[in-house]
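Below: one structure, written as C-alpha cells.
No value in this document is a laboratory result; all are computed from the given coordinates. These numbers come from a predicted model, not from an experiment. Backbone-built Cβ (ideal geometry, glycine too); neighbour counts: all protein chains shown.
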Amino acid sequence: MKINILGTHATKFGELWNISPRALAREAMENALNASGLKASDIDALYVGNMLSGILGNQANLGSLLVEELGVQVPAFRIEGACASGGLALHNAINSLKAGQYKTVLVLGIEKMTDHSQDEITNALMSAGSDEERLAGATFPGVYALMAQAYMQQYKVSEEDLACVSVKNHYHGTLNPKAQFQFPITIADVMRSAKIADPLKLLDCSPISDGAAAVVITSENILKKNKKPIQIIASEVATDTLSLHDRKSFTSLSAVVEASTKAYGKAGLKPSDIDVAEIHDCFSISEAIATEDLGFSKKGEGARDIAKGKRTLFKGDIICNPSGGLKACGHPVGATGIKQIVELTEQLRGEAGKRQVEKARIGLAHNVGGSGTIAAIHILQK
C-alpha cells in the first residue's frame, strides 16, 4: 500500500517568543487541513512528534493537549525519539494506515525551545545522550566534534571543506522565506566564528529554534479528494547504540545505512535516482557523513563533493537541503522531521518558488536522533 500526502504546512522557524506552542500547532494543523481539502472531522487520529515538552514545558501529554485544537476527539499519540521525533511520528502514522487501523491521519511536529535558557536547553537535549557521555560532561557539539576529528583525520578533509556545508545551506536559506536565517555566509565567516568544540565552530552548528509543521496522509481509497498527490513509497527506521564509543565507526552512522538501504529496496530505487534530499545537518559534519551513508557520495568524498557544489541548487546533481537545512532553516527538534516532508512535497509539486529543484520527481528525507542513535528515512515520489 502506498501512502499519499494530501496537505502540508510549516510555520516560520526561528525565535518565536510571542507565539505559544498551541498557536504554532494550530497554525500548522489548520493550514495542512485546508491544503488537503479536508475538515478536522475527516481525521481518524493525530500523531505528534516532540522531544522536549515534558522536560522544558512540563507537559508530557502533548497529544491530548493538541487534539483539543482540532476540535474533535480522536486518538492522539505523542512520539519521542530525540531529534528524530518527527520522522518517527510519521513512520508510526504510516504503519497505522498500512495496518488498516485508520484511513486518514494528521501528523504534527512541534518544538518550543527559545523560551528557555541555554543551559536548560543543553541539559534537556543531552537527555538523548548516554549515561557515560553525560557523566563525562559531553554535549552533542562535543560528540559530533569527535566524529569530525575522526573524519578529517581518516579522509584528510579540511575545516574549510566542512565549512562549505554551512555556506551552501545558508545560500539555500536566503531563498526560503520561512527560514530562521535568510542571509549568506562565507567560508571565512565560518572559520572566524567562535569555536564550540574543536573543530566545530558556531557556524558549523544548527540553532535553537521554535516551529511546527504538519502533514495530512491517507491511504489510496480517498486519493480522489486531492489533485496533486505525493506518495510516500518507503518509510524505514533503524537504531544503533546510544553511546558513540560503543560503535565500530565514528565516520558512518550504521542506523542511516541500514534504514536507507531498506528504503531503497522497498522503493525499488538507487541513490542516484534521488533528485532532492532533506538531510539532518545538525552540524556540518552530519551532512558530510550523511551524503556518504545515503550513497550520494563515495566514502570520504562527501565534504569535498559539497565543496565542489555537487549538492547545491542550480548547479548540483542530487540537491541537498534546498530549505536551508537545520543550519539555516532552523532546528525545532520535534518539528524538523515533518518540515523535511513539507519541503519535499513542495519540491515535488513544483511549488518551492525560488528554491525549486528543476524536474524533481523523487525526494528523500533523512531524520536522525541523538548522535545517530536512531534514523528515520522516507522516500517520496511525484
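Label separation (A150 vs E132): 1.1 nm, computed from points 7 Å beyond Cα along the C-beta direction. Computed from label points 7 Å out along Cα-Cβ, the spacing between D44 and K103 is 0.8 nm. Measuring from a point 7 Å past the Cα of K195 along Cα-to-C-beta, which residues in region 76-119 have an amide N at less than 17 Å? The answer is none. For the charge dipole of the chain, defined by +1 on Lys and Arg C-beta atoms and -1 on Asp and Glu C-beta atoms about the Cα centroid, which residue among L97, G109, M152 has the Cα displaced farthest towards the positive pole? Toward the positive end, the furthest listed residue is L97. Helix 21-36 sits at what angle to the longest principal axis of the chain, using alpha carbons and giving 0 to 90 degrees rounded to 10? Value to nearest ten degrees: 60. Here the Karplus curve 6.51 cos²θ - 1.76 cosθ + 1.60, taken at θ = phi - 60°, turns the phi angles of region 193-200 into couplings of 6, 4, 7, 9, 8, 3, x, 7 Hz, with x standing for Gly and Pro.
Over all distinct alpha-carbon pairs, what is the Kirkwood Rh of region 3-160 in angstrom? The answer is 17.6 Å. Taking only the Cα atoms of region 306-367, the ratio Rg/Rh comes out at 0.95, with Rh defined as the Kirkwood radius. For the chain, the longest principal axis of the C-alpha atoms and the axis of helix 140-155 are separated by about 60°.
I want to make sure I understand the PRE zone here: with the label point 7 angstrom from the Cα of V72 toward its beta carbon, which residues in region 94-121 have backbone N atoms less than 14 Å away? In region 94-121, the label zone of V72 (backbone N under 14 Å from the point 7 Å along Cα→Cβ) covers 102-107. Per residue, the convex hull around the alpha carbon atoms of the chain comes to 120 Å³. Taking the C-alpha atoms only, the angle from helix 284-293 to the longest principal axis of the chain is near 70 degrees.
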